[in-house]
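See structure below.
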Amino acid sequence: MNNRVKTEVPAEVMQEQEKYTQLARMRIAEIYYGRIPKYHVHSYGCQLNVSDGEKLKGQLEAMGYQQTQSVEDADFVIYNTCAVRENAEDRALGNLGALKNQKRRRPSMLIAICGCMTQQQHIADKIKKSFPFVDIVFGTHSMYRLPEMVWSRLNGGARVFDTSADDKDIVEGLPVSRDSDFKAWLPVMYGCDNFCSYCIVPYVRGRERSRRPEEVVAEARKIVESGYKEIMLLGQNVNSYGVGLEEKINFSELLRRIDAIEGDYRIRFMTSHPKDCTHELIDTIADSKHICHHIHLPVQCGSDRILKLMNRKYDVAKYLELISYARERMPDVTLTSDIIVGFPGETYEDFLQTLELLKTVRFNALYTFIYSKREGTVAAKMEDPVPYEDKSRWFRELLAVQEEIADSYYKSMVGKRVRVLPEELGKNEGTITGRDDGNIIVNIKAPESMIGSFVEVDVDTAYNWAVGGTIAAE
Ligand code: SAH
Ligand code: SF4
Ligand code: F3S
């Protein structure tokens with residue numbers, strides 16, 4: 001599978017889309033004569049999808065649209081969907097259905113749905129049949145053809161369906177409209193080859209392919225030079241970065257090259273798969289200047305039997321070895337994980353092993369999910385005898401254990417000084433909130449003007465899922 005040629009979409013094809021952008025721009029100026037039309041893009045799901053959403057926004061702005069946060073005001077609404085769990089799909093289809101009346105009131109508006117959900121044939125078919133007011137349906141591999149799709153539809157063309165499964169090429173050079181001016185997403189690779197038995201991502205995102213290191217480093221440099229304070233490197237499994245590239249390079253080497261860029265910024269990355277997380281990676285983080293001492297290393301579950309059924313390709317012993325090496329090299333490291341409760345065939349005894357693991361590792365934060373059956377995956381065919389109510393009960397049990405662990409960690413932070421990048425206004429008046437280098441949420445009594453630059457904070461309070469503090473005097 002990995003010896004297929006992975007290339008980039010040729011420059012001529014990108015130039016053709018550039019031509020469509022200009023044509024669409026003229027058509028749009030004609031249709032909305034005298035005013036600037038508005039778009040609303042909403043991305044569900046993971047950061048990779050949010051990052052794709054920023055490229056959709058970039059393309060729409062190049063066509064002459066301007067962003068609005070309100071769906072009701074929008075002349076063009078795009079829902080960029082996620083398929084990872086059933087509730088993500090339900091939410092997107094619910095929101096899509098709600099647009100029907102708006103379109104009736106304003107027939108000139110455009111509605112598009114894209115992303116991981118539409119990459120599944122049964123969903124594309126369902127939208128075609130049951131959502132006739134949707135103008136454009138496109139998949140994760142067709143995003144760069146948006147200008148052509150818009151142009152065609154605005155010129156009276158038929159509804160557009162472009163959910164090709166062609167995942168061979170990487171797209172470089174799309175315009176990006178970033179949501180933040182201090183935090184930037186930077187995808188280093190696309191797709192996933194791991195086929196964890198429960199997961200839909202490899203089916204909807206296609207095969208793993210890495211961006212060339214020159215492209216990644218050049219984009220990182222541009223981001224730092226533009227004054228961004230945080231770069232988040234993205235991939236479904238960043239630890240297999242480099243496979244299939246002409247140059248022999250791994251993720252640690254890529255990190256070192258980015259870290260060498262001078263400037264006042266920090267680097268984060270996700271997601272690391274434990275099966276190919278190495279001591280070299282941990283050493284690279286420990287020895288770096290800019291990489292946060294935080295590792296998101298999803299373990300999913302603490303039972304070797306279930307890990308095997310999940311096709312995760314590591315066992316608890318290997319996972320614990322990585323954790324202890326990371327702590328040995330970086331005593332200040334923070335660790336986070338994803339956990340799935342109620343995988344098909346998981347027993348209460350298996351679940352208790354997950355609780356054991358949580359108590360051993362003492363994660364700083366967890367992202368927890370109840371197993372959701374995804375059609376087409378291997379796990380979807382497995383016996384799943386445990387009722388949902390039981391899984392919910394286990395889930396609450398798990399949350400209680402984790403709450404205690406997190407709570408004691410937050411209490412231990414009181415009295416410490418941490419570096420925070422404030423991102424937004426806090427819930428209480430006169431506060432702002434952001435994350436420290438360990439990815440812990442910190443509420444700060446400080447003015448709005450401090451959002452977007454690093455501040456040193458003295459932690460004085462532990463809350464339930466965060467800490468609070470004030471700007472350090474000196
Ligand atoms: N590539 C990342 C995860 C991407 S999906 C990794 O391997 O770590 C994010 C998380 O969603 C997964 O880590 C998993 O915990 C959860 N997830 C994926 N498929 C799921 C399913 N079918 N049901 C419940 N949770 C799921
Ligand atoms: Fe899904 Fe596993 Fe790939 Fe993560 S590594 S995206 S969980 S198949
Ligand atoms: Fe969802 Fe697609 Fe991300 S399925 S989690 S948006 S890769």
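Which loop-located chymotrypsin sites (Phe, Trp or Tyr not before Pro) does region 1-104 contain, where loop means any DSSP state but H, G, I, E or B and the Cβ has at most 13 other Cβ atoms within 10 Å?
Tyr33
Rounded, prolate or oblate: which one fits region 419-474, using the alpha carbon gyration tensor with axes a ≥ b ≥ c (rounded when a/c is under 1.5, else prolate when a/b beats b/c, else oblate)?
Rounded is the answer for region 419-474, as its axis ratio a/c remains below 1.5.
How many angstrom lie between the Cα centre of region 182-257 and the Cα centre of region 65-138?
Between the Cα centres of region 182-257 and region 65-138 lies a distance of 28 Å.
So which GluC sites (Glu not before Pro) in region 205-278 are both in a DSSP loop and have at most 15 other Cβ atoms within 10 Å of their Cβ?
Passing both the DSSP loop test and the Cβ count: Glu246, Glu247, Glu262.
If you roll a 1.4 Å probe over region 85-177 with all protein chains in place, what percent of the accessible area is carbon or sulfur?
For region 85-177, the apolar C and S fraction of the accessible surface comes to 48 percent.
In µm²/s, what is D for region 247-340 at 37 °C and 0.692 mPa s, where D = kT/(6 pi eta Rh) by Stokes-Einstein and Rh is the Kirkwood radius from Cα pairs?
232 µm²/s
Mind putting together the pair-distance distribution for the chain? All Cα pairs, 10 Å bins, whole percent per bin, short to long.
Percent of Cα pairs in each bin: 4, 18, 27, 28, 18, 5, 0.
Taking the Cα centre of each part, how many Å lie between region 397-423 and region 25-49?
Each part's Cα centre sits 40 Å from the other's.
Loop-only check: which trypsin sites (Lys or Arg not before Pro) in region 403-474 are DSSP coil with at most 10 other Cβ within 10 angstrom?
Lys427
Which value in nm describes the separation of the simple spin-label points at His42 and Asn155, placed 7 Å from the Cα toward the beta carbon?
Inter-label distance under the simple model: 3.2 nm.
How far is it, in nm, from the label point at Ser408 to the one at Ser130 when both lie 7 Å from their Cα along the line to the Cβ?
Distance between the two pseudo-spin positions: 4.8 nm.
Enumerate the amide H contacts of Ile291 below 5 Å, restricted to partners 5 or more residues apart or on another chain; note that Pro and chain-start residues carry no placed amide H.
Ile267
How large is the accessible surface of Trp185 in square angstrom, using a 1.4 angstrom probe and rounding to the nearest 10?
Ignoring ligands and nucleic acids, Trp185 comes out at about 40 Å².
If a helix is a whole DSSP H run, which ones in the chain reach 15 Å or further along their own axis (Cα) and hold a mean Kyte-Doolittle hydropathy of at least 0.0?
Flagged H segments are 348-361.
Measure up Lys359/Lys445; Lys168/Lys248; Lys103/Lys128; Lys55/Lys168 against 25 Å on the Cα-Cα distance and list the ones that go over.
Going by Cα-Cα distance, Lys359/Lys445 fall outside the 25 Å limit.
Rg (Å, one decimal) plus Dmax (Å, integer) for the alpha carbons of region 291-396?
14.5, 44
For region 336-427, what mean projected area does the convex hull of the alpha carbons give, in nm²?
Hull-based average projected area comes out at 8.7 nm².
So between Met14 and Arg35, what do we pick up on full extension, going 0.36 nm a residue minus the alpha carbon distance?
Working it through step by step, the gained length comes to 4.7 nm.
Accessible area per residue, 1.4 Å probe, Å², for region 48-175: what's the number?
Spelled out: the 1.4 Å probe surface of region 48-175, per residue, equals 39 Å².
Leaving out ligands and nucleic acids, note down the accessible area per residue over region 226-280 with a 1.4 angstrom probe, in whole Å².
Spelled out: the 1.4 Å probe surface of region 226-280, per residue, equals 37 Å².
Taking the full set of protein chains and a 1.4 angstrom probe, give the accessible area of Thr68 in square angstrom, rounded to the nearest 10.
We get 20 Å² for Thr68.
Taking a cut-off of 18 Å between Cα atoms, list the lysines near Lys381, but don't count ones fewer than 8 places away on the same chain.
Output for Lys381: Lys308, Lys373.
In debye, nearest 20, what is the charge dipole magnitude of the chain about its Cα centre with +1 on Lys and Arg Cβ and -1 on Asp and Glu Cβ, if you could check?
1320 debye
Calculate, in nm to one decimal, what Lys289 and Glu356 gain on full extension: separation in residues at 0.36 nm each, minus their alpha carbon distance.
Result for the pair: 20.7 nm of gain on full extension.
Going by accessible area, probe 1.4 Å, with all protein chains left in place, what is the ranking of Ile36, Ile339, largest first?
Ranked from most to least accessible, the order is Ile36, Ile339.
In nm, give the distance between the simple-model label positions of Arg91 and Ser453, each being 7 Å from the Cα along the Cα-to-Cβ direction.
That separation, rounded to one decimal, is 3.5 nm.
The values are calculated or read from the model by the stated rules, or taken from the named source; none is laboratory data. Owing to the predicted nature of the structure, the values given are computational and were not obtained by experimental measurement. Cβ coordinates were reconstructed from backbone atoms using ideal geometry, including for glycine residues, and neighbour counts include every protein chain displayed. Each accessible area value is taken on the protein alone, full model and side chains, heavy atoms only, with ligands, DNA and RNA left out. Shrake-Rupley method; radii C 1.70, N 1.55, O 1.52, S 1.80 Å.
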